[in-house]
Amino acid sequence: MNQSLFGLPKVELHVHLEGTIRREILEKIGRRNNTLPVKETGAFLERIYRSGGDLSSFLRRFAAVCHHLRSPIDFYLAARDYGKQLSRQGVLYAEIHLSVQIFTRRGIPLQPILSAVDEAFEEAYRESGLMLRLILDGVRQWGPGSMLELVEMAEGTRRWKVVGIGLGGDENSFPAESFREAFRAARDRGWKTTVHAGEAGGPDSVRDAVEILKVDRIGHGVRAAGDPSVLDLLARCQIPIDLCPTSQRETGAVAKNDIYPLRTFLDRGIPVTIGSDDPALFQTDLTNELSWLQGHCGLSPEDLVRVERNGLEAIFCEPEVRRRLGAIFHAGIRSWQRNRTD
Ligand SMILES: [Zn+2]
């Protein structure tokens, strides 16, 4: 691992618990739940964890992972393993998305899932000081009614470290306007919000996320690079966007031959954060994303500090945690700047 990147205090704001589950962990879960084929397990898992393919093939692989998650302990195992991965990378804080309705619709109750995840988060904190929080993600193609249901379900979940409500899934299924009411309801109840926009959809989808859904942060947002007026909007409103380079290049949100538009956003003063999205499925992690940006977009040491500070400022958690984290983060940055060996 790049030692210099390891020592950098990091914040991960765009990652899905389902997409963090490594092959070994999924195999363990699948065997316990008898959801893996008895024969040719290896080939079956190979199909889930192979790289390449477009957005729809990725969504199939994501769904295939979800198929095996059947009981609260599965979520505990996933969150526990991912916490260890983050600690090894020097991550201080992460907000992890979970599309809970995929599971509640199958009859797994919400509270035991959140309780299991919370236990893993607590253990990670006791072990390494890593702070983990959860974002409950809606599924866009299930429509506005389902999103309103999620906002209802979220009531009373703050005690399980839920800090926000998001919306992912098929960006081109329902327009932002359909979700205006659900996002207003979430805001009225004091939730911070985020939405996946400008991934499969174009710059207008990013504009709608800001103007119609009034979100606090945007997942991806990368296609805003194609419209200067949307870039201006993001800069003016200082809306953070979570760029996830490997995911966006794998799914075709950014063509592999195109110059990755990191500098377009940084040069306009848009608060960019860096995420790994679905690290196990894209065979990456946060450190690798930063390393790739160093090599391909000239991400300088100053830029690294800037994107991590942007992440810190964009977090959704409660003020007390934010204060504590801020002190640790800034001390870590000072130490990193003193000791950097690149
Ligand atoms: Zn995502």
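Here are a few things to note about the model shown:
- Summed over the stretch 18-40, residues that are exposed (fewer than 13 other Cβ atoms within 10 Å of the Cβ), at pLDDT below 95 and not β-branched (Val, Ile, Thr) total 4.
- Number of residues in the stretch 160-177 that are more than 16 Å from the ligand (Cβ to nearest atom) and under 14 Å from Ala197 (Cα atoms): the value is 4.
- In the stretch 198-218, the residues that are within 17 Å of Thr264 (Cα to Cα) and within 16 Å of the ligand (Cβ to nearest atom): Gly198, Glu199, Val206, Ile218
- Among residues of the stretch 4-42, those that are more than 16 Å from the ligand (Cβ to nearest atom) and part of a helix (DSSP H, G or I), counted: 17
- Filtered residue count, the stretch 281-318, keeping only those that are open to solvent by less than 20 Å² (accessible area, probe 1.4 Å) and closer than 22 Å to Leu136 by Cα: 9
- Annotation note: Cβ proximity below 8 Å between a residue of the stretch 315-342 that is farther than 21 Å from Ile274 by Cα and a residue that is assigned to a helix (DSSP H, G or I) and open to solvent by 80 Å² or more (accessible area, probe 1.4 Å) (sequence gap 6+ or interchain) occurs for Thr341/Gln3.
- Residues satisfying the stated conditions in the stretch 275-316, i.e. touching a Cys at 6+ places or on another chain (Cβ under 6 Å) and at positive phi: Asp277
- Enumerated helices (runs of 4 or more DSSP H) restricted to the stretch 191-275, each holding at least 2 residues that are in contact with a Leu (Cβ under 8 Å, 6 or more places away or on another chain): 203-211, 262-267
- Condition check for Ser56 on (1) within 16 Å of the ligand (Cβ to nearest atom); (2) out of contact with any Asp or Glu (no Cβ under 7 Å at 6 or more places or on another chain); (3) under 30 Å from Asn310 (Cα atoms): one failure, at (3).
- Boolean, Glu250 is in contact (Cβ under 8 Å) with a residue 40 or more places away in the chain, open to solvent by 30 Å² or more (accessible area, probe 1.4 Å), closer than 28 Å to Phe62 by Cβ and not hydroxyl-bearing (Ser, Thr, Tyr): yes
- Of the helices (runs of 4 or more DSSP H) that lie entirely inside the stretch 64-148, those containing 2 or more residues that are open to solvent by 10 Å² or more (accessible area, probe 1.4 Å), among the acidic types (Asp, Glu) and in contact (Cβ under 8 Å) with a residue 12 or more places away in the chain span 110-128.
- Residue match in the stretch 226-244 (condition: hydroxyl-bearing (Ser, Thr, Tyr), more than 20 Å from His97 (Cα to Cα) and open to solvent by 30 Å² or more (accessible area, probe 1.4 Å)): yes
- Residue ID - modelled with the highest pLDDT, chosen from residues in the stretch 245-281 that are away from the ligand (no atom under 16 Å from the Cβ) and among the acidic types (Asp, Glu): Asp267
- Test result for Leu167, within 23 Å of Gly269 (Cα to Cα) and not basic (Lys, Arg): no
- Screening Leu234 on (1) of a type in the set (A, V, I, L, M); (2) touching a residue at least 40 places away in the same chain (Cβ under 8 Å); (3) touching a Phe, Trp or Tyr at 6+ places or on another chain (Cβ under 8 Å) shows it passes everything except condition (2).
- Subset of the stretch 225-244 [away from the ligand (no atom under 14 Å from the Cβ) and either more than 13 Å from Leu266 (Cβ to Cβ) or of a type in the set (Asp, Glu) (or both)]: Gly226, Asp227, Pro228, Ser229, Val230, Asp232, Leu233, Arg236, Cys237, Gln238, Ile239
The values are calculated or read from the model by the stated rules, or taken from the named source; none is laboratory data. Because the structure is a prediction, the values reported are computed rather than measured. A quick note on method: Cβ atoms are made from the backbone with ideal geometry, for glycine too, and the neighbour counts reach across all protein chains shown. Note: areas computed on protein heavy atoms with side chains; ligands, DNA, RNA excluded. Shrake-Rupley method; radii C 1.70, N 1.55, O 1.52, S 1.80 Å.
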